[in-house]
Amino acid sequence: MAGRKYDYLIVGAGLFGSMFAHRARMAGRRCLVIDKRPHAGGNLYCEQVEGINVHKYGAHIFHTSSKEAWQFVNSIVEFNRFTNSPVANYKGTLYNLPFNMNTFNRMWGVATPAEAAAIIDSQRSEAVEAMRKAGAGEPRNMEEQALCLVGRDIYERLIKGYTEKQWGRKCTELPAFIIKRLPVRLVYDNNYFNDRYQGIPTGGYNRLIDGLLAGTEVLTSTDFFADRSHWEAVAERMVFTGRLDEFFGFRLGKLQYRTVSFEQEVIGTPNYQGNAVVNYTERSVPFTRVIEHKHFEMFGDEVYSRPVTVISREYPAEWADGMEPYYPINDELNDALCRRYKALADAEPRVIFGGRLAEYRYYDMAPIVEKVLRMDV
């Protein structure tokens with residue numbers, strides 16, 4: 001392997017690949033990054049539309065309690081003060097998320113934590129009693145799990161329809177472990193995350209990716225699998241961030257995903273919904289949420305500095321070949337198959353597998369940053 005041009009071939013210019021390239025370059029390694037998309041950034045990529053940074057592949061909000069991760073990303077590009085405070089729309093009535101005193105006041109007219117807790121506890125008890133009468137000691141599906149955690153009113157208005165759209169299955173057909181906990185906050189606080197730090201890169205995520213890849217050779221519109229033998233020969237080692245099963249030629253079968261399609265619209269008003277994220281929790285509404293992109297980076301009067309706005313409606317769907325894989329389906333069947341593929345991956349000493357697709361697990365951004373910061377390069 002002596003004499004190869006690069007120390008690392010990095011397949012995929014998303015966050016994991018870009019982070020690794022940055023760290024490797026800082027350590028004096030020679031890297032080549034390739035990506036089959038026409039741009040770097042993976043799902044973080046932003047497209048400028050009417051002077052607004054549009055999150056092309058869905059909303060991304062960086063949040064972390066790790067001071068190290070926060071300081072690192074801010075060393076690449078300054079992050080703004082955006083705070084994620086989504087709203088749920090159920091049959092035209094708006095509820096704050098996560099479930100907090102504003103939600104409960106809207107739902108039941110209660111004003112104190114004690115009043116809200118009493119209603120939730122009563123509805124939880126009803127769910128547990130119903131299970132006991134059915135001979136079930138533990139929740140048998142996601143519906144029973146949710147009812148035992150938050151009660152019927154919150155479940156039916158704010159969880160059931162959204163979840164069934166997201167997964168394409170009835171909640172009674174989904175395993176209970178999908179929802180391990182549902183946060184109930186008995187305070188008037190609409191901040192969705194508990195993390196100490198959160199925000200959006202000033203100027204959009206492209207600035208973060210461009211900063212990470214600065215000084216590294218990058219080839220876009222380049223498919224690793226179209227000329228695999230060539231690309232495997234250019235470097236001493238490889239960082240692979242694509243689909244784990246595809247790397248091994250699907251020899252054990254295909255891992256399953258959910259996917260999302262986006263319907264983008266430019267609207268001739270400066271402020272369409274007054275919030276970055278509005279979830280539509282009614283089952284009969286075909287999309288799960290509407291993103292209004294300007295609210296990620298424009299605040300106060302700045303929102304009205306442009307006479308138009310850009311929204312994206314998100315439509316979840318069952319994944320099939322040729323579609324973009326978004327969310328791993330981490331049920332028992334897929335997790336068992338993933339373990340078999342990971343055993344094959346462990347036997348590849350020249351290859352580092354990392355990221356959402358290569359590890360077949362959902363990642364927020366900050367854990368990716370933290371993981372790569374701790375890796376040997």
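Residues in region 233-245 that are open to solvent by less than 70 Å² (accessible area, probe 1.4 Å), closer than 23 Å to Arg25 by Cβ and among the charged types (D, E, K, R): Glu236 alone.
Of all residues in region 190-203, exactly one satisfies the criterion of being out of contact with any Ser or Thr (no Cβ under 9 Å at 6 or more places or on another chain) and either open to solvent by 40 Å² or more (accessible area, probe 1.4 Å) or among the charged types (D, E, K, R) (or both), namely Thr202.
If you go through region 138-179 and keep only what is of a type in the set (Lys, Arg), under 21 Å from the mean Cα position of the chain (by Cα) and at pLDDT 95 or above, you end up with Lys160, Lys165. Scanning region 204-232 for residues that are over 19 Å from Lys5 (Cβ atoms), touching a helix residue (DSSP H, G or I) at 6+ places or on another chain (Cβ under 7 Å) and buried (at least 21 other Cβ atoms within 10 Å of the Cβ) gives Tyr205, Leu208, Ile209, Leu212.
Taking the condition of being assigned to a loop (DSSP other than H, G, I, E, B) and more than 12 Å from the chain's Cα centre (by Cα), how many residues in region 54-69 meet it? Spell out how you get there, then give the answer.
Initial filter on region 54-69 (assigned to a loop (DSSP other than H, G, I, E, B)): 56-61, 65-66.
Going one step further and asking which of them are more than 12 Å from the chain's Cα centre (by Cα), we end up with 56, 65-66.
The total comes to 3.
Restricting attention to region 250-275 and to residues that are in contact with a Phe, Trp or Tyr (Cβ under 6 Å, 6 or more places away or on another chain) and under 21 Å from Thr163 (Cβ atoms), the residue that is most open to solvent (accessible area, probe 1.4 Å) turns out to be Ser261.
Of all the residues in region 337-371, those that are in a loop (DSSP other than H, G, I, E, B) and open to solvent by 40 Å² or more (accessible area, probe 1.4 Å) number 7. All conditions but one from (1) farther than 25 Å from Pro328 by Cβ; (2) assigned to a loop (DSSP other than H, G, I, E, B) apply to Asn206; the one that does not is (2). The strands (runs of 3 or more DSSP E) found entirely in region 221-315 that carry 1 or more residues being under 25 Å from the mean Cα position of the chain (by Cα), at pLDDT 95 or above and under 30 Å from Asp153 (Cα atoms) are 257-267, 277-280, 289-292. From the list Asn330, Asn334, the lone residue that is touching a residue at least 24 places away in the same chain (Cβ under 8 Å), surrounded by 15 or more Cβ atoms within 10 Å (Cβ to Cβ), within 20 Å of the chain's Cα centre (by Cα) and assigned to a loop (DSSP other than H, G, I, E, B) is Asn330. Out of the residues in region 293-327 meeting the condition of being open to solvent by 30 Å² or more (accessible area, probe 1.4 Å) and of a type in the set (Phe, Trp, Tyr), tell me which one is nearest to Thr83 (Cα to Cα). Ranking the qualifying residues of region 293-327, first place goes to Phe299.
The values are calculated or read from the model by the stated rules, or taken from the named source; none is laboratory data. As the structure is a prediction and not an experimental result, all values here were calculated from the model. Backbone-built Cβ (ideal geometry, glycine too); neighbour counts: all protein chains shown. Areas reflect the complete protein model, heavy atoms only, side chains present, ligands, DNA and RNA absent. Shrake-Rupley method; radii C 1.70, N 1.55, O 1.52, S 1.80 Å.
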